Amino acid sequence: MCNCLVTVFCLAYNHEKYIRTTLEGFVKQKTSFKFKILVHDDCSTDGTREIIREYTEKYPDLFETILQEENRYQKGIDIEDEYIFPNINSKYVAVCEGDDYWTDENKLQLQVDYMEKHPECSLCVHNTEKIFEDGRSTGTFFNTAQKDQDYIFKDIVLSEPAAYFHFSSFMWRNETMKRKNPAFSMDGIGDYPMALEFASIGYIHYIPKVMSSYRLNSIGSWSNKMDADNSKKVRQHENIIKGFKNIDEFTKHKYSSVINKAINREKAKIMVLQDKYGSLLKSPRCIAALCRTMTHKTVRKIHDKVQAVRGR
């Protein structure tokens, strides 16, 4: 395989309905540099693997594949740490999972151009459109900013997970993440702790251009499973709290004030999910932390429920 400036990796599992669009988004990239595409299939049981092989045969100098004979994720193995990162030797890394896709042929070039000029930038991202499972637009995007933005650690801590950008927009320097730091781990959550780790190393630069699409509730997706089960949502927020406590220890309490606000936000979400508005009423710091990240309509709804409890 060639000496490439960028490695694009793609994680696929039962993405037969979507992955052709994903792979097309890769091969249509126009760059002044060489890049390779590393596709990992976690023992799909549909036609995903056949489509991957089709593209590998058509573009043999562009694609590398890792085709598992048994599902590694279900065995608790971290796919990126064990199979992806050890196979990357390029300067930069980009990513897009098999049910999402890139929409701009200049995406890689724009991000590389920025990172080459700004060595202190640890992660470069861009805007992403949210689409329905069938590909129709929802008319919504991850970020409303119309100008370039720089985010620091505090911004990411105080934001909702994926509030500013989506995983499909990530580009980072390979040297900064050969393996994920366990201190930033949040069980069951991948991209948010990665963003936190990058923000602790340098700054995150946002390009205000829509260059990828995120598919809501795709078949077998993490978000689809989460939406269907409140108890899983509670566990997710508990894992975020645990993760923040570990990060606070790792950073020697340098960011304790903002981390505590984030922990209060997650505690408040658990109370809402469990309909414990009486407990929320007794926790003004949790209410304040939660309201900072919510729309006016949602805040009003929670306010009404808290007032109902207060009036009992």
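The values are calculated or read from the model by the stated rules, or taken from the named source; none is laboratory data. Computed from a prediction, not measured in an experiment: that's the story for all the values here. Quick reminder, even Gly has a Cβ in these numbers, built from the backbone with ideal geometry, and neighbours come from all protein chains shown. What goes into the accessible areas is simple: the full protein's heavy atoms, side chains included, and nothing from ligands, DNA or RNA. Shrake-Rupley method; radii C 1.70, N 1.55, O 1.52, S 1.80 Å.
Listed values, structure above:
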read-out	value
Net charge contributed by nearby residues that have their C-beta within less than 14 Å of I37 (K/R +1, D/E -1)	0
Cross-link pairs beyond the 25 Å C-alpha cut-off, checked among K34/K58; K91/K117; K17/K107; K147/K252	K147/K252
Cα gyration tensor shape of the stretch 108-190, rounded if a/c is under 1.5, else prolate or oblate by comparing a/b with b/c	oblate
The stretch 181-204 versus the stretch 150-173: alpha-carbon centroid distance in Å	9
Distance (nanometres) between label positions extended 7 Å along Cα→Cβ at V234 and K254	3.6
Compactness relative to 2.2 N^0.38 Å, alpha carbon Rg of the chain	1.04
Fraction of accessible area attributable to carbon and sulfur, the chain (%, probe 1.4 Å)	49
For peptides 186-198, 83-95, sequence by mean Cβ density within 10 Å, most packed first	186-198, 83-95
Prolate/oblate/rounded call for the stretch 141-226, Cα gyration tensor, a/c under 1.5 rounded	oblate
Per-residue [θ]222 nm for the chain (sum of -39500 (n - 2.57) over DSSP H runs n ≥ 4, rounded to 500)	-11500 deg cm²/dmol
Rg(Cα) / (2.2 N^0.38 Å) computed for the stretch 130-280, rounded to two decimals	1.09
Nitroxide proxy distance, nm - points 7 Å out along Cα→Cβ at V210 and K282	4.6
Mean Cα-pair separation over length for the chain, i.e. relative contact order, pairs under 8 Å, 6 or more apart, %	17
Longest to shortest principal axis, alpha-carbon extents of the stretch 1-152, angstrom	44, 39, 33
Rounded Å value of the spacing that divides the Cα centres of the stretch 1-43 and the stretch 51-79	10
Rg/Rg_ref, the stretch 1-71, where Rg_ref = 2.2 N^0.38 Å and atoms are Cα	1.07
